Amino acid sequence: MRIPRSDPTQQALERLTALRISTDSTALAKELTAYLGNRSNLVIAKAAKIAREQGLSALVPELVLAFEKLMRDPARLDKRCAAVTEIASALYELDYCEPEVYAQGMRHVQMEASFGPPVDVAAALRGICAQGLVRTRYPQALAEVVSLLVDSQAPARVGAARALASNGEDAGVLVLRLKALVGDPDPEVIAECFSGLLAADREHSIEFVAGYIDAGDGEISEAAILALGASRLPKAIDVLKDKWERTVRGPLRKTLLLALATSRDEGALNFLVSLLDSASVETASNIVTALAVHKNSERIRQAVSAAADRRRDRVLLDAFRRDFAE
């Protein structure tokens, strides 16, 4: 009887899973070094991910070396760009500031077979490398990142927008505004522009982003609403409250509730709680669901519970029990 041979790649992946809870950073770094030289790109990818999660800066040289080896023949050595993408993410999170890896990754295109036409599997890599490149000494970093805003793949364009927001300074802010004005086939890219503007130029971008909450395109309007909520700026919260008063019905009402609730702004939360007594049962139930992100807050829990008790509506009480369950 033939005994089945064990799969070394599967064994390595299982060992890496066990290593994720290791508390001995020295021993972990030593073992991960070996896995970063593994023949399997999936093993290398998982090792790089653990290095990033554990903040193992000592592994930066090994990560760079692994990236360089894979990029000698990426189509053969790294299907789906699984390993180089994780390595680039790790280097970025570990504050690696040398430009060569990022510049190479940002220009990489890798077409692979799919059920339909070949697909470019390096888009996410380009986006991550754009974010890394703008914080290096590379003299043409900003120019190259701007070019990525017209990349054929949305993940690359999203990465470019994030790069411009985080390290593009005043020029980056202006480019993000222009991109939002011109538009993009993918709403996620415009959403990233809105978020980037509100992060990079907070006070001056509220009015600009607020101009899109009444957009004819529902996805763009939703993106603007969520970005304003995520900014947690009092002026942005006022814009959302005003939009709520002007929105009688439609799917945007749920988006507004979510944006106000996730803003974690005290004024926004008090506003939502105050609506529980006067809103329709359907709207009040939606408010309860939105506020459930704060179910660990005793103050919010008690306020919502009290409102549900006052109204004594079964739908509302059921929503509270469901969404605020321990």
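Points to keep in mind about this one:
- Verdict on V175 being assigned to a helix (DSSP H, G or I) and more than 20 Å from E86 (Cβ to Cβ): yes
- For E207, the test of being assigned to a helix (DSSP H, G or I), surrounded by fewer than 23 Cβ atoms within 10 Å (Cβ to Cβ), modelled with pLDDT of 95 or more and of a type in the set (D, E) is passed.
- Hits in region 164-189 - residues which are of a type in the set (D, E, K, R) and under 22 Å from C129 (Cβ atoms): E169, K179, D184, D186, E188
- Test: residue in region 50-62 that is without any contact (Cβ under 8 Å) to a residue 12 or more places away in the chain and either among the small types (G, A, S) or crowded, with 20+ Cβ neighbours inside 10 Å (or both): no
Rundown of residues vs (1) farther than 24 Å from A180 by Cα; (2) among the charged types (D, E, K, R); (3) touching a strand residue (DSSP E or B) at 6+ places or on another chain (Cβ under 9 Å), yes/no style:
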| site | (1), (2), (3) |
| --- | --- |
| A230 | no, no, no |
| L233 | no, no, no |
| D238 | no, yes, no |
| L252 | no, no, no |
| A279 | yes, no, no |
| K295 | yes, yes, no |
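- Of the residues making up region 298-326, those that are farther than 15 Å from L272 by Cβ and not charged (D, E, K, R) number 3.
- Of residues in region 1-59 being aliphatic (A, V, I, L, M) and part of a loop (DSSP other than H, G, I, E, B), the one farthest from the chain's Cα centre (by Cα): M1
- V158 vs. criteria modelled with pLDDT of 95 or more and in contact with a strand residue (DSSP E or B) (Cβ under 9 Å, 6 or more places away or on another chain): no
- Only listed residue being closer than 23 Å to A75 by Cα, surrounded by 22 or more Cβ atoms within 10 Å (Cβ to Cβ) and not aromatic (F, W, Y), chosen from G127, G116: G127
Listed here are the residues, each with its yes/no results for (1) part of a helix (DSSP H, G or I); (2) on the phi > 0 side of the Ramachandran plot; (3) surrounded by fewer than 19 Cβ atoms within 10 Å (Cβ to Cβ); (4) touching a Phe, Trp or Tyr at 6+ places or on another chain (Cβ under 6 Å).
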| residue | (1), (2), (3), (4) |
| --- | --- |
| D214 | no, no, yes, no |
| E219 | yes, no, yes, no |
| A224 | yes, no, no, yes |
| R249 | no, no, yes, no |
| L256 | yes, no, no, yes |
| F271 | yes, no, yes, no |
| Q302 | yes, no, yes, no |
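- When restricted to residues that are without any contact (Cβ under 8 Å) to a residue 24 or more places away in the chain and not charged (D, E, K, R), region 285-305 contains 4.
- Qualifying position, being of a type outside the set (A, V, I, L, M, F, W, C), over 18 Å from A325 (Cβ atoms) and buried (at least 21 other Cβ atoms within 10 Å of the Cβ), among S280, S231: S231
- Residue within region 78-101 that is within 22 Å of the chain's Cα centre (by Cα), polar (S, T, N, Q) and part of a helix (DSSP H, G or I) present: yes
- Failed item, numbered, when T85 is tested on (1) of a type in the set (S, T, Y); (2) more than 25 Å from N38 (Cβ to Cβ); (3) buried (at least 21 other Cβ atoms within 10 Å of the Cβ): (2)
- Qualifying residue in region 102-117 (condition: among the charged types (D, E, K, R) and part of a helix (DSSP H, G or I)): no
The values are calculated or read from the model by the stated rules, or taken from the named source; none is laboratory data. What you see is a predicted model; the values in this text were computed from it and never measured. With ideal geometry, Cβ positions are generated from the backbone for all residues, glycine too; neighbour counts draw on all protein chains shown.
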